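All remarks here apply to the structure that follows.
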Amino acid sequence: MRSCLAIVLLVLLAQASARATDESKNEAEAQFERPAIKEYTLEELLGEDNVTGIAALQAANEKRNKITEAGSATTVVKEGARILGGTTVTSGQHSYNVLVVTAPFSGNDITCGGALLTTQWAITAAQCVAGASSINVYAGAVDMPVAMGTKKAATATIHHDFVRNFAMNDIALLKTATPYTLSSTISTIRLSTASVASVENAQLRTFGFGPENNDAAIGDTLKYVDMSNLKKSTCLTLTADFYVAYPGNTGCLSTSVATKGWCFGDTGSPVVYTNDGDSTTKLYGINSQFLGCSSAYPSSFTLVRPYLAWIKATTKLTLT
């Protein structure tokens with residue numbers, strides 16, 4: 001009898017232990033719950049009856065595959081840093097730049113750029129942090145940022161209308177676990193309220209830690225490049241050959257016939273504008289998409305002006 005009671009007690013204890021383990025596991029997993037990221041098919045975005053539009057985008061995919069395999073007549077191959085034609089940033093220059101390293105739930109780490117808006121808030125592209133299991137922000141180093149920079153864990157707020165597979169509303173805010181201490185190598189940048197029309201054809205500056213070759217995850221040194229802010233209608237004409245139309249709330253950067261631009265590892269990096277009137281540099285946008293690392297096609301960046309209300313509501317701060 002005692003033996004039977006002992007067995008029953010052991011079974012009950014095992015069941016209770018299993019329940020406690022499951023509850024702890026569920027609680028831990030809840031902390032890293034995968035966000036619901038919107039994705040749509042071509043049919044859903046264009047409408048099932050838009051046969052012409054769907055066929056054009058399918059043709060674009062085929063064209064991209066051919067160019068990837070065989071190269072393009074409009075592509076100029078350029079070895080070297082992924083910020084093509086770029087200049088090395090010296091310590092203390094443009095010190096609002098940060099490196100964002102994301103660990104997804106599966107696959108390799110993702111590296112992107114970003115900018116500090118306050119001591120505890122940074123901005124980057126939504127595609128860089130969507131579905132992340134962990135996010136780390138590195139600030140204060142223009143050389144070897146992972147080894148030399150100040151590392152902070154962060155959580156992301158992704159724009160509620162972000163559509164990952166079409167890079168729509170490609171913007172996210174990162175809140176670090178603890179604030180950074182501002183110094184000669186760590187600073188913040190204000191947001192630009194300039195309209196698109198007011199800076200057409202103006203020179204904008206963008207940055208990146210993009211690697212110098214395909215063997216590295218990130219580059220050793222932060223670089224910058226000055227590019228022309230194209231009129232959107234001109235941009236759409238140029239990308240039409242690729243059957244690509246960058247989404248709304250985006251601007252375009254001229255690649256100067258494939259001698260200047262940015263590439264993988266540089267997504268989410270700041271695009272800044274310096275007003276000639278007061279010489280103040282402000283954040284105008286963040287890098288979003290590119291059509292080939294060394295192609296003559298313009299790249300796109302997400303404008304920050306249309307998202308000022310969302311940024312203010314999220315951070316509870318005035319950043320302009």
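Here, each number is a calculation from the coordinates, and none is a lab measurement. Everything numeric here is computed off the predicted structure, so don't read it as measured data. Quick reminder, even Gly has a Cβ in these numbers, built from the backbone with ideal geometry, and neighbours come from all protein chains shown.
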Residue set THR188, THR193, THR157; condition in a strand (DSSP E or B), out of contact with any Gly (no Cβ under 6 Å at 6 or more places or on another chain) and under 20 Å from TYR307 (Cα atoms); output residue THR157
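Against the condition of a type in the set (S, T, N, Q) and surrounded by fewer than 24 Cβ atoms within 10 Å (Cβ to Cβ), how does SER254 come out, does it pass?
Working: of a type in the set (S, T, N, Q): yes; surrounded by fewer than 24 Cβ atoms within 10 Å (Cβ to Cβ): yes.
Taking the combined requirement at face value, the residue satisfies it.
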Note on the stretch 265-294: residues on the phi < 0 side of the Ramachandran plot and not in a strand (DSSP E or B) are ASP266, THR267, SER269, ASN275, ASP276, GLY277, ASP278, THR280, PHE290, LEU291, CYS293, SER294
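Return the only residue of LEU319, LEU283 being of a type in the set (A, V, I, L, M, F, W, C), surrounded by fewer than 24 Cβ atoms within 10 Å (Cβ to Cβ) and closer than 19 Å to SER198 by Cα. Spell out how you get there, then give the answer.
Working: LEU319 fails: closer than 19 Å to SER198 by Cα.
Of the residues listed, the single one that is of a type in the set (A, V, I, L, M, F, W, C), surrounded by fewer than 24 Cβ atoms within 10 Å (Cβ to Cβ) and closer than 19 Å to SER198 by Cα is LEU283.
Which one is farthest from GLN93 (Cα to Cα), of the residues in the stretch 160-185 that are of a type in the set (Ser, Thr, Tyr) and outside any strand (DSSP E or B)? Break it down stepwise before answering.
Filtering the stretch 160-185 for residues of a type in the set (Ser, Thr, Tyr) gives 176, 178, 180-181, 183-185.
Subsequent filtering for residues that are outside any strand (DSSP E or B) retains 178, 180-181, 183-185.
Values: THR178: 24, TYR180: 17, THR181: 17, SER183: 12, SER184: 9, THR185: 8 Å.
Ranking the candidates gives THR178 first.
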With criteria (1) loosely packed, with under 14 Cβ neighbours inside 10 Å; (2) over 20 Å from SER299 (Cβ atoms); (3) over 21 Å from the mean Cα position of the chain (by Cα), LEU182 comes up short on (1)
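Of ALA141, ALA153, ALA132, ALA167, which residue is more than 15 Å from PRO270 (Cβ to Cβ), surrounded by fewer than 16 Cβ atoms within 10 Å (Cβ to Cβ) and aliphatic (A, V, I, L, M)? Even if it seems obvious, please write down each step before you answer.
Working: ALA141 fails: surrounded by fewer than 16 Cβ atoms within 10 Å (Cβ to Cβ); ALA132 fails: surrounded by fewer than 16 Cβ atoms within 10 Å (Cβ to Cβ); ALA167 fails: surrounded by fewer than 16 Cβ atoms within 10 Å (Cβ to Cβ).
Step by step, each of ALA141, ALA153, ALA132, ALA167 is checked, and only ALA153 is more than 15 Å from PRO270 (Cβ to Cβ), surrounded by fewer than 16 Cβ atoms within 10 Å (Cβ to Cβ) and aliphatic (A, V, I, L, M).
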